[in-house]
Amino acid sequence: MPRVSFERIHKTYGAVSILKDLNLSVEHGDFLVLLGPSGCGKTTLLNMLAGLTDVTDGRIMIGDRDVTDLDPKDRGLAMVFQSYALYPTKTVRGNLRFGLASARLSSEEVDRRVAWAAKLLQIEPLLDRKPAQLSGGQRQRVAIGRALVKHAEVLLFDEPLSNLDAKLRTEMRLEIKRLHEELNPTVVYVTHDQIEAMTMATKIAVMNNGVIQQFGTPDQIYERPANLFVAGFIGSPAMNLKKARVAKRDGLVTGHFGNGQEILLNDYRFAQVPQEGAEIVVGMRPEYFGVPDSPVNGAAAVFDLPVAYTERTGSDATGYLRFDEGLLSLRVEPSQAARLAGGQKVRVAFPPGKANLFDAATGGRL
Amino acid sequence: MTDIASAATIGATVDSRPVVRRRKKRITGRSIAVIVFLTICALFFCVPLYVVLTTSLKTMDEIRQGNIFALPQVWTLEAWRFAWFEACSGINCDGLRVGFWNSVLILIPSLILSIALSIVTGYALALWDVRWAGTFLFLMFMCAFVPFQIIMYPLIAMTRSIGVYGTIWGVAVVHAVLAMPVLVLIFRNYYKDIPQEIMNAAIMDSGSFWRIFFEIILPMSGNILIVVLILQITSIWNDYLIGVTFGGFNTQPMTVNLANMVTVSTGTASYNVDMAAALLTAIPPLLIYFLVGKFFVAGITAGAIKG
Ligand SMILES: Nc1ncnc2c1ncn2[C@@H]1O[C@H](COP(=O)(O)OP(=O)(O)OP(=O)(O)O)[C@@H](O)[C@H]1O
Ligand SMILES: [Mg+2]
């Protein structure tokens, strides 16, 4: 039985429909990440699960309980908020204790749990401080502690790391991952940061405009995006999406790009093979291109293209080549990046079986 | 080596550079105008206060000489004693102290009632999903502008029907009711600044209206409570109309007492006693200002969220 499930959820604010017929369910111990651009309804969905927002239509189940109309405190959930939402007049200890306000526990049990959470999150020295006397990372730890003391079966996070700097975010990401492995609760985690999603999730639901575009493991989402939106949204630098026309000759299926270049598509596992001349979109991840100007054999496509510019991001570099009207990005070794001077023509190869194909009209995967 | 040496010389030259003095502020025509204006304002309040204070410390003989700006030749607290213990208000000659204690007895329940009602209403309106909250607020807002005189007679009828007319409780209830609209608006606007996420966290943690109020919201309300406290103490203490209308014969507040003393004087007017009585009536609000005045400004300017 799934731990959390949304069944035919609708949500409208006045005349505006935010979520339409949404279905989603995760198993016990899963780490579900709701991923999507700003305004797509992630927070709305999470708040409905928490009971902070009314459901217009549909049913939410936690375990075998229908919680759709239950009070937030009776749902057996704990939540960590984006702005931490610590109680400013209470000490850290007071904040953790208030996390247990609705649980009728003996005072010793409350103390034991507070001590346990404080130790787990290494905030013991901070217990008697007020939130205003803590750094951002420390506040985040306290907020997580306040959720953990409840021993809830389901933990909710709403963009908990978005107010932290890059270094701290990496640290906290590992920390949350570690807590999940150690305590193994079911987690529903909202973010628009795909790195967080890829590193922490066991399941990702990619959302756009209130609709779940794809639900799957991080690998599935990354390697086999279900449609153009997911393909373009996941991956940095983004996947190259180029329009092409299908041609069939002597048992070979190829895609012809607008600039005369072509790609061999025989190794692609078509759900159904498109018609001759059909408009498709070919998706090529930047990191699958071979080293520029290296000897080529057995490639699906070989492009001779002029360099536009290169970009270095620390451990990585991205080269941008002129392709038709637009640009084609490819990952290169930083040491090689200097060789790619602007204007110079290079030869790059794309391996077979790595392309993603989409129907140009519907955007769906072929 | 040379580098260090040159760095040292640079440092030295920087240090030895003459300090640029800040220009002295010149007195401009504008600042003179401001100072003159402020002085006039100060005199406007200080001169009458001076006269009242000195007169209250004089004997009647001295006052009759007519030199109202002179300091007392003989300093005496006799007028103060008389005003407090013996002055007549109507046929009752027990002094102002009767009115003082009535005022205190009116003040305390009025304060508690008005603040308790409006703080909880403001909290509910700002932080809970109250149905018709907008309409309710608008009505409150309109009520704040209804002149007291218009509803005075209905209020008399209502207090009479619930049997509190002419008692201290009648006055307290009317004070609480009349203060509600403004106080609710003040509290609601203050609580509106509390981030929704804190309330959401509290609802998930506890879910209890009263527990959240007492443990989370009330401790965050110190500033605004001081503001409201001062507003209410001053307005209740200085009130005359409600006291004279709803107070019974023996439960009239100090202001009514004072007015009776000053206006209905049999025989000659005792200016020194009148002045002393006026000052006695004014002391409690003044005292409050001196004690918590500095929090007042802080309370008006600060929001709810502060560590
Ligand atoms: N109380 C509300 N009334 C009307 N519309 C709302 C309300 N709350 C949210 N919305 C709308 O619902 C949509 C989804 O909002 P939501 O907060 O769920 O987005 P999100 O995916 O969490 O975005 P972000 O990543 O920016 O936090 C938005 O278009 C927003 O304008
Ligand atoms: Mg959000």
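The values are calculated or read from the model by the stated rules, or taken from the named source; none is laboratory data. Fair warning: this is a prediction, and the values are worked out from it, not measured in the lab. Cβ: placed from backbone, ideal geometry, glycine included. Neighbour counts: every protein chain shown. Side chains included, ligands, DNA and RNA excluded: accessible areas come from the protein's heavy atoms. Shrake-Rupley method; radii C 1.70, N 1.55, O 1.52, S 1.80 Å.
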Among the residues of the range A:19-31, the number that are within 13 Å of ligand 1 (Cβ to nearest atom) and at pLDDT 90 or above is 2
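Conditions (1) within 12 Å of chain A (Cβ to nearest Cβ); (2) not in a loop (DSSP other than H, G, I, E, B), marked per residue:
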position: B:Arg211; (1), (2): yes, yes
position: B:Ile233; (1), (2): no, yes
position: B:Thr245; (1), (2): no, yes
position: B:Phe249; (1), (2): no, no
position: B:Leu258; (1), (2): no, yes
position: B:Val262; (1), (2): no, yes
position: B:Ala269; (1), (2): no, no
The correct count of residues that are more than 8 Å from ligand 1 (Cβ to nearest atom) and under 17 Å from A:Val16 (Cβ atoms) in the range A:32-52 is 1
Going through (1) open to solvent by less than 50 Å² (accessible area, probe 1.4 Å); (2) within 16 Å of ligand 1 (Cβ to nearest atom); (3) not in a strand (DSSP E or B) one by one, A:Ile195 fails only at (1)
Taking the range A:202-234 and keeping only residues that are open to solvent by less than 10 Å² (accessible area, probe 1.4 Å) and away from ligand 2 (no atom under 16 Å from the Cβ), one is left with A:Ile204, A:Gly216, A:Ile221, A:Pro225, A:Val230, A:Ala231, A:Ile234
Has the range A:43-57 got any residue that is farther than 28 Å from A:Ala101 by Cα and open to solvent by 10 Å² or more (accessible area, probe 1.4 Å)? yes
Subset of the range A:150-191, residues away from chain B (no Cβ under 14 Å), touching an Asp or Glu at 6+ places or on another chain (Cβ under 7 Å) and not in a helix (DSSP H, G or I), comes to A:Leu161, A:Pro185, A:Thr186, A:Thr191
Scanning the range A:127-149 for residues that are facing chain B (nearest Cβ under 10 Å) and surrounded by fewer than 23 Cβ atoms within 10 Å (Cβ to Cβ), the one nearest to A:Leu49 (Cα to Cα) turns out to be A:Pro131
If we take the range B:25-98, then helices (runs of 4 or more DSSP H) inside it with 3 or more residues that are within 21 Å of B:Met254 (Cα to Cα) and open to solvent by 40 Å² or more (accessible area, probe 1.4 Å) are B:78-85
Requiring at least 1 residues that are within 14 Å of chain B (Cβ to nearest Cβ), under 29 Å from A:Gly145 (Cβ atoms) and within 16 Å of ligand 2 (Cβ to nearest atom), the strands (runs of 3 or more DSSP E) wholly within the range A:1-114 are A:77-80
